[in-house]
Amino acid sequence: MACATVEFTDPGRLAGTGFPKVTELQDQQVYLEPEVNCECCFEDIVGKSAALQKVLQQVAIVAPTDSTVLLHGETGTGKELMARAIHNLSSRRERAYVRMNCAAIPSGLLESELFGHERGAFTGALMQRKGRFELADRGTLFLDEIGDISLELQPKLLRAVQEQEFERLGSATTIQVNVRLIAATHRDLGAMIKEEKFREDLFYRFNVFPIEIPPLRERREDIPLLVSFFVSKFSARMRKQIKSVPRHAMEALTNCPWKGNVRELANFIERAVILTRGEELQVSMSELCTSSEMILAAASTSSFRQAECSVIVEALRAAAGRIAGKGGAAERLGLKRTTLQNKIRRLGIAKTHYQN
């Protein structure tokens, strides 16, 4: 029976994207090209789905301007990659690109981090220090997780965004800058405004050109490409020669919800590469089910059983019906022999399902 797989070959790249074609093959494995050149990707953003291409078109449109951009998306969707792409495609590409995660800095230190301070401005301020706005002068400032900025600090940030001027802590001297701002958040700022947790005027200053970054579950056709990218990347880093991914493993990876999005997928593939011995990627199906809860929000119990059954049947076919031993279905699925046998009995899988 023919099955959809992804073949990674250099001549087969899609025109203008640098991404591989999807072809129909009889093979049981997904082959990886020896190397993935990051330069051929749109700022290392891998994918060819319509949802992602729409975002990249918006990035290409707004990048040459100096307009403020607000990136919104779930954690792990690649907001920082998009911000870097905007900077690198802008006229400020030769200038500084300064980033700050507002959620990672205690609220008491955030003002100093943004605007800087003079020596003696507060206990522990032993020397003058420039803030991120000053460091990003004539360049780009990326403020990640702006939804975590306290209400007390938001008026000062509003002035800096609107007027491009501020004072360092402990100083009365006004500093003027020329900064291109990119902000990002996973929070619903509209709801925060209603709850009086975020200033409406500050929101409108950031929301000049909003871009919504889709979660990975809305661009599943990109998952095989991302898997190829990460396997090649981590294999090169660890000096391994991993050349293929079993088809059943790729199907399982594609069907996962990936609540942590691309970041979660990258972490999972890195662990798989670490554990792989040989040229075929070893994917632990039990870990995959646990880490991603392998049940889509909209999927029913029966559809999950069907998906689980399909993955096991494919592994048995690839192993010529063998359950245990090297290359057996249990090893391919990353399961114990007894665990797989129990699953086969529970799902009612018979030899006629996987033997020709």
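The values are calculated or read from the model by the stated rules, or taken from the named source; none is laboratory data. Computed from a predicted model, the values in this text were never measured in an experiment. Glycine gets a Cβ as well: all are built from the backbone with ideal geometry, and neighbour counts include every protein chain shown. Side chains are part of the model used for accessible areas, which takes the heavy atoms of the whole protein and leaves out ligands, DNA and RNA. Shrake-Rupley method; radii C 1.70, N 1.55, O 1.52, S 1.80 Å.
Is it the case that some residue within segment 64-84 is within 25 Å of residue 245 (Cβ to Cβ), open to solvent by 40 Å² or more (accessible area, probe 1.4 Å) and modelled with pLDDT of 90 or more?
The answer is yes, given that some residue of segment 64-84 is within 25 Å of residue 245 (Cβ to Cβ), open to solvent by 40 Å² or more (accessible area, probe 1.4 Å) and modelled with pLDDT of 90 or more.
Against the condition at pLDDT 85 or above, assigned to a loop (DSSP other than H, G, I, E, B) and open to solvent by 30 Å² or more (accessible area, probe 1.4 Å), how does residue 323 come out, does it pass?
yes
With the requirement that a residue be crowded, with 19+ Cβ neighbours inside 10 Å and in a helix (DSSP H, G or I), what does segment 85-100 give you?
Within segment 85-100, 85, 86, 87 qualify.
Do we have any residue at all in segment 108-120 that's within 25 Å of the chain's Cα centre (by Cα) and either open to solvent by 40 Å² or more (accessible area, probe 1.4 Å) or on the phi < 0 side of the Ramachandran plot (or both)?
Checked segment 108-120: no residue is within 25 Å of the chain's Cα centre (by Cα) and either open to solvent by 40 Å² or more (accessible area, probe 1.4 Å) or on the phi < 0 side of the Ramachandran plot (or both).
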